[in-house]
1. How would VAL341, VAL131 line up by accessible area, probe 1.4 Å, largest first?
2. Provide MET318, MET45 ordered by accessible surface of protein heavy atoms (probe 1.4 Å), highest first.
3. Could you pull the Cα extents of the range 267-342 along its three principal axes, largest to smallest, in whole Å?
4. Among ILE343, MET318, ILE289, which residue has its Cα positioned farthest towards the positive end of the charge dipole of the range 245-351, with +1 placed on the Cβ of Lys and Arg, -1 on the Cβ of Asp and Glu, and the dipole taken about the Cα centre?
5. Send over a whole-number figure in Å² for the accessible area per residue of the chain, probe 1.4 Å.
6. Identify all lysines with a Cα-Cα distance to LYS172 below 17 Å; exclude those on the same chain that are fewer than 8 residues away in sequence.
7. At 20 angstrom or more along the helix axis (alpha-carbon based) and mean Kyte-Doolittle of -0.5 or higher, what helices does the chain contain? Whole DSSP H runs only.
8. What residues have an amide H closer than 5 Å to that of GLY83, excluding those fewer than 5 places away on the same chain, when H is modeled at 1.01 Å from N in the peptide plane?
Amino acid sequence: MIDLTFLSIERIIVHHIPPRADDKTFVAPTCATNLVNLAKPGLDMFAKRISQALGHHSHGIQAQFHNTGAQSFFANSVDLMEGDNAQFIASSTLVAHDLTRAQQSKNLSASKLIVISGHTSKSQLPFSAVVKSELQDGLTETSSKGKTIVDYLTDIFFAESQKLYKIGFVQKTSKLGTKTAPEHFAVHLFDHLMTGTETRSAAFYFHSEFLGADVAASDRHRTREFFDKTNEFLQSQPILTSTKIALGEALRAELRSNKQTISVKGFSDDHLEPAMQSKYIAFMAKANISTHAITKDTEYIKSRLKRRQKIVFTSGVMISTPADKISLVSIEAPTDGSTIVKISGTVESQE
């Protein structure tokens, strides 16, 4: 787990990543040869953007490196955080070329690659990060002699409102971390596509081909844990049975939806009353459920996500059962407008 407290950014360099040529041939990036000298407000902006994208209650995704070889992004990320300025610039150039090669589609537009390094956490452990930011245009307003002047701006990048960027963030978690000991590093990523309804493959080139990281290795387990612990919390609350059923259905609907991620804070904000939210967040934290967004993979629980079965009678009476418990209800053939229903179980509550 990454720790973004006391995040300080110490080095920044920006490279230009061009699109593929019309015939999809490789076009080399335009690489800077000097570090960016950014004033403190700019550095604070960078730190804020990264914390918002990757910090607790964010859509940041924990990943695992599957490529830690000598020419991998992982190896370059270690040089970025531990090398001198010359090494930082050289490694950032390698990273820029790697990203450009990974972008096979000519439909990807030009972008900026922002490479940074610094320290974070109370222990001030080193980190390095790469940000691929798409270019935008926009307007800016200034005043001069009582007149408002509006200017058109092009090539704006890393803007907060649009979040058209991807981040790969690598932090050393122990002083034992070296290129031959990748287990002492943590990697997280943010991708605006993966938090919406688009497929994961939309940005596969970035996290798998470029970063050499896998976001699916333990997603099935994490999704099942999220589902089980949220259900456990709901059942433990002193609320009406009908409310428990409704919240359970809301949970299943969230996991069936086209959203690529689910999070403790997101479910809490969208479905729980304010009085329950802090209890839920504390319960999930105690259960070691990630406070970051979880990439959904419902393979382990897909049979448990089916909608509840409903039996509706002409009189308006309705019986509702869990999707896999319809066999507990047996119905005899109707006689004189009446139906005999036999249910396995006894009455637990009446509302």
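The values are calculated or read from the model by the stated rules, or taken from the named source; none is laboratory data. Keep in mind the model is a prediction, meaning the values are calculated, not measured. Ideal geometry is used to build each Cβ from the backbone, glycine not excepted, and the neighbour counts take in all protein chains shown. Ligands, DNA and RNA are stripped out before the accessible areas are found, and what is left, the full protein with its side chains, is counted by its heavy atoms. Shrake-Rupley method; radii C 1.70, N 1.55, O 1.52, S 1.80 Å.
1. So, going from the largest accessible area down, we get VAL341, VAL131.
2. So, going from the largest accessible area down, we get MET318, MET45.
3. Sorted from largest, the Cα extents of the range 267-342 read 57, 31, 18 Å.
4. With unit charges placed on the Cβ atoms, the residue in question is ILE289.
5. That works out to 53 Å² per residue.
6. The reachable lysines, counting only those whose Cα sits under 17 Å from LYS172, are LYS122.
7. 40-54, 85-102, 241-256
8. none
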